[in-house]
Amino acid sequence: MSAEQYHWWQQGVIYHVYPRSFMDSDGDGIGDLPGIVGRLDYLQWLGVDAIWLSPIFPSPMADFGYDVSDYTAIDPVFGTMEDFDRLVSEAHARGLRVLLDFVANHTSEHHPWFLESRSSRHSPKRDWYIWRDPAPGGGPPNNWLSAFGGSAWEWDDRTGQYYYHAFLKEQPDLNWRNPDVQQAMLDAMRFWFERGVDGFRLDAIWHLIKDDQFRDNPPNPDYKPNDPPYYRLLPVFTTDRPEIHPILAMMRRLADAYGDRVLIGEIYLPVERLVAYYGMHEPELHLPYNFQLVLLPWDARRIQAAIDVYEALLPPGAWPNWVLGNHDRPRVASRVGRAQARVAAMLLLTLRGTPTVYYGDEIGMVNVEIPAEAAKDPLEHTVGHGFGRDPERTPMQWDSTPNAGFTPGDPWLPLSPDYPVYNVEAQRTDPRSILTLYRRLLALRRAEPALSVGRYRSLPAEGELVAYLRADDAQRFLVALNFGSWVRRYSCRQLGLRGEIALSTYLDREGERVEGEVLLRPDEGVVVRLID
């Protein structure tokens with residue numbers, strides 16, 4: 001296939017915006033839609049193709065937008081529907097697509113649907129949520145646990161039953177076995193498609209259906225004392241149920257009816273189960289998110305093996321994807337160090353498949369230590385100290401002015417003390433900065449179809465090296481990455497490879513000839529344009 005035959009979401013790069021932390025336009029210390037509009041020129045300059053916004057719907061903010069009280073409106077903290085329409089229009093004018101975060105598994109306890117469901121056992125919407133009588137001896141109906149700590153069942157005095165919540169008690173789970181729920185949620189998706197949205201990232205989608213017999217989850221034999229309590233049990237009856245696939249197929253049919261739209265699923269599953277979400281019997285998700293680069297130890301042999309296994313498991317016609325960071329996991333520069341974060345960027349942007357870049361990773365932002373009195377994330381309070389996600393959600397660092405140019409007010413979370421150095425303005429004019437590296441990688445990927453949609457071939461490598469080929473009918477590239485802090489040589493003489501370096505993570509070797517082997521300095525990756 002020529003590059004023109006691929007969809008935009010196959011060729012493009014997605015940029016994940018956490019709206020509360022991207023840019024504040026009104027001085028209340030919380031990022032908003034007008035703020036994002038004001039930074040679209042930066043995203044166009046950077047070279048990404050789409051922005052995914054974490055939830056902007058009305059919400060009591062028990063989980064910062066992931067507890068939705070209205071699926072077809074905008075929370076005033078982020079702006080108005082007119083602001084949203086302007087964002088879509090301005091983004092499209094710059095060639096940028098807009099994706100929304102759709103929280104399909106649960107609503108807020110303040111959503112009108114749940115208020116009605118909770119009003120009476122005889123409510124017409126009672127079966128829109130998951131209600132159960134107590135166990136025969138009293139207490140919760142079974143042993144199901146909340147990912148945010150404690151039992152997943154919350155007692156309701158008014159109606160004398162428990163309701164199920166996979167996350168906070170303020171986030172009751174919808175009953176997706178009910179056709180009325182399915183229709184209402186598809187209607188909400190349709191509303192946004194009609195407003196020009198280019199697709200959805202579907203939150204916690206592997207939780208969507210629960211066991212209809214409500215069987216206890218079995219103990220996890222690999223549970224460790226320091227693991228979150230949720231991992232004490234294997235969630236075999238609360239996640240990844242087979243009945244989810246026809247529902248995702250319905251969502252896919254809706255998306256396909258609007259043309260070139262995309263559905264991305266948040267799914268934390270082993271890859272052998274993850275790939276089923278491309279479609280069991282008919283198409284489902286375009287991109288079931290692949291989190292291996294987020295979850296695996298930063299070890300060259302583990303990473304290369306994982307890439308190869310994933311490629312081998314992909315169903316025919318399925319398109320891969322890769323993620324380095326998101327709003328729920330520690331930042332890549334904190335996990336692997338800033339030197340290796342440059343190598344990680346080259347890996348992310350040269351693998352076959354659609355990459356997602358988390359805001360701020362392109363300037364090397366790190367996790368910020370949040371004092372207990374400033375912690376906002378409910379996980380910090382329900383699961384325990386150190387489990388909160390605030391450290392990776394801190395405001396974007398735009399410049400060296402007070403509050404990093406994010407807000408003229410008091411930012412909702414503290415900023416990193418290193419923002420006077422690690423910010424967009426300082427790095428934009430620095431030819432050796434990580435921001436320059438990201439921009440160069442994105443430009444190279446866009447200019448070379450071999451790197452965006454070309455074939456992938458794993459190459460032999462040992463120790464701390466990872467190597468692979470990217471190729472189409474016109475061009476071949478060798479990517480060689482040094483995961484270590486010592487000089488290494490990658491020998492490609494036996495493969496008859498020669499060429500010149502197109503890009504190094506050090507940003508200083510462009511045009512250097514390669515014949516048989518390539519020297520890699522500590523924490524260096526190179527992209528070599530091969531010559532036959």
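The values are calculated or read from the model by the stated rules, or taken from the named source; none is laboratory data. This is a predicted model, so every value here is computed, not measured. In this analysis, Cβ positions are derived from the backbone assuming ideal geometry, glycine residues included, and neighbour counts consider all displayed protein chains.
Restricting attention to the stretch 149-179 and to residues that are out of contact with any Phe, Trp or Tyr (no Cβ under 7 Å at 6 or more places or on another chain) and charged (D, E, K, R), the residue that is farthest from Gly139 (Cα to Cα) turns out to be Arg177. Here Met396 passes the criteria (1) part of a loop (DSSP other than H, G, I, E, B); (2) surrounded by fewer than 19 Cβ atoms within 10 Å (Cβ to Cβ); (3) not polar (S, T, N, Q) except the one numbered (2).
When the stretch 261-284 is filtered for residues that are closer than 10 Å to Phe200 by Cα and among the aliphatic types (A, V, I, L, M), the ones remaining, listed by number, are Val262, Leu263, Ile264. Residues satisfying the criterion are present in the stretch 439-454 (criterion: small (Gly, Ala, Ser), in a helix (DSSP H, G or I) and touching a helix residue (DSSP H, G or I) at 6+ places or on another chain (Cβ under 6 Å)). Would you point out the residue of the stretch 22-51, among those that are aromatic (Phe, Trp, Tyr) and surrounded by fewer than 23 Cβ atoms within 10 Å (Cβ to Cβ), that is nearest to Arg393 (Cα to Cα)? Result: Tyr42. Would a scan of the stretch 202-219 turn up a residue that is of a type in the set (Gly, Ala, Ser), in contact (Cβ under 8 Å) with a residue 12 or more places away in the chain and either surrounded by fewer than 21 Cβ atoms within 10 Å (Cβ to Cβ) or part of a helix (DSSP H, G or I) (or both)? No, the stretch 202-219 contains no residue that is of a type in the set (Gly, Ala, Ser), in contact (Cβ under 8 Å) with a residue 12 or more places away in the chain and either surrounded by fewer than 21 Cβ atoms within 10 Å (Cβ to Cβ) or part of a helix (DSSP H, G or I) (or both).
Of all positions in the stretch 67-90, at least one carries a residue that is farther than 30 Å from Gly388 by Cβ, in contact with a strand residue (DSSP E or B) (Cβ under 9 Å, 6 or more places away or on another chain) and modelled with pLDDT of 95 or more. No other residue among Ser25, Ser89 is of a type in the set (S, T, N, Q) and in a loop (DSSP other than H, G, I, E, B) apart from Ser25.
Considering only the stretch 273-375, give the helices (runs of 4 or more DSSP H) lying wholly within it that have at least 2 residues that are farther than 26 Å from Ser400 by Cα and in contact with a helix residue (DSSP H, G or I) (Cβ under 9 Å, 6 or more places away or on another chain). Per the criteria, 292-295, 300-313, 338-350.
Exactly one residue among Ala345, Ala312 is closer than 19 Å to Ala300 by Cα and without any contact (Cβ under 8 Å) to a residue 24 or more places away in the chain, and that residue is Ala312. Residues that are part of a loop (DSSP other than H, G, I, E, B) and out of contact with any Asp or Glu (no Cβ under 6 Å at 6 or more places or on another chain) were ranked within the stretch 493-505; the one that is nearest to Arg338 (Cα to Cα) is Leu497. Annotation: of all residues in the stretch 481-532 being of a type in the set (Gly, Ala, Ser) and within 30 Å of the chain's Cα centre (by Cα), the one that is surrounded by the most Cβ atoms within 10 Å (Cβ to Cβ) is Gly525.
Whenever a residue of the stretch 175-186 is in a helix (DSSP H, G or I), its partners that are among the aliphatic types (A, V, I, L, M), lying with C-beta atoms within less than 8 angstrom and at least six residues away or across chains, give the pairs Val181/Leu174; Gln182/Ile247; Gln182/Met250; Met185/Ala104; Met185/Leu174; Leu186/Met250; Leu186/Met251; Leu186/Leu254.
For (1) part of a strand (DSSP E or B); (2) among the hydrophobic types (A, V, I, L, M, F, W, C); (3) in contact with a strand residue (DSSP E or B) (Cβ under 6 Å, 6 or more places away or on another chain), each residue gets a yes or a no:
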position: Leu469; (1), (2), (3): yes, yes, yes
position: Val479; (1), (2), (3): yes, yes, yes
position: Ser485; (1), (2), (3): no, no, no
position: Tyr490; (1), (2), (3): yes, no, yes
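In summary, Phe114 fulfils each of the numbered conditions (1) part of a loop (DSSP other than H, G, I, E, B); (2) closer than 12 Å to Asp70 by Cα with the single exception of condition (1).
For (1) modelled with pLDDT under 95; (2) in contact with a Ser or Thr (Cβ under 6 Å, 6 or more places away or on another chain), each residue gets a yes or a no:
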site	(1), (2)
Arg342	no, yes
Leu347	no, no
Thr350	no, no
Tyr358	no, no
Ala375	yes, no
Pro378	yes, no
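In the stretch 76-105, the residues that are within 10 Å of Ala50 (Cα to Cα) form Cβ pairs under 9 Å with partners that are assigned to a helix (DSSP H, G or I) and among the β-branched types (Val, Ile, Thr), at six or more places apart or across chains, as follows: Ala91/Ile36; Ala91/Val37; Val98/Val88.
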